[in-house]
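A quick write-up on the structure given underneath.
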Amino acid sequence: MIITREEYNNALDIIEAYQKQLFQSHNKESMHSKGKTKISDWNEFTRCGVRLKKALEKLEVYNAKEKCYNKIEFIEDVTKTIFLKQKSTGWKSWNEFVHLRGF
């Protein structure tokens, strides 16, 4: 079987389209985190109580598609539901977090 120049060029076009698609998805992921504050870099992190600090460091959310837990890295992604589902967190820690966040 001989591959023609046309088939070869079509294969190259497919590879280029695939690389563009990969590059675009990588840019979307990096843009998603732009302007967000990492939990460890949050100004109020040093003022947190011990229990709140440990809870923020260990925040995870279950990803059903990948069937695994993903760590919450950014303070803006912390919600009441995610926070209160964590082990050893409660309303007292949530209220402290809300107060420090300025909600």
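Quick notes
- Assessment of the range 63-81 against the conditions (in contact with a Phe, Trp or Tyr (Cβ under 6 Å, 6 or more places away or on another chain) and not polar (S, T, N, Q)) yields at least one matching residue.
- Every condition in (1) at pLDDT below 85; (2) under 21 Å from E76 (Cα atoms); (3) charged (D, E, K, R) holds for K20 except the one numbered (2).
- Applying the criterion of being of a type in the set (A, V, I, L, M) and either assigned to a loop (DSSP other than H, G, I, E, B) or over 20 Å from the mean Cα position of the chain (by Cα) (or both) to the residues of the range 75-103, the residue that is surrounded by the most Cβ atoms within 10 Å (Cβ to Cβ) is V78.
- N63 being farther than 20 Å from T37 by Cβ and without any contact (Cβ under 8 Å) to a residue 60 or more places away in the chain: yes
- Of all residues in the range 38-74 being part of a helix (DSSP H, G or I) and hydrophobic (A, V, I, L, M, F, W, C), the one that is nearest to G102 (Cα to Cα): F45
The values are calculated or read from the model by the stated rules, or taken from the named source; none is laboratory data. The structure presented is a predicted model; accordingly, all values stated were derived computationally and were not measured. As a convention, Cβ positions derive from the backbone with ideal geometry for all residues, glycine included, and neighbour counts pool all protein chains shown.
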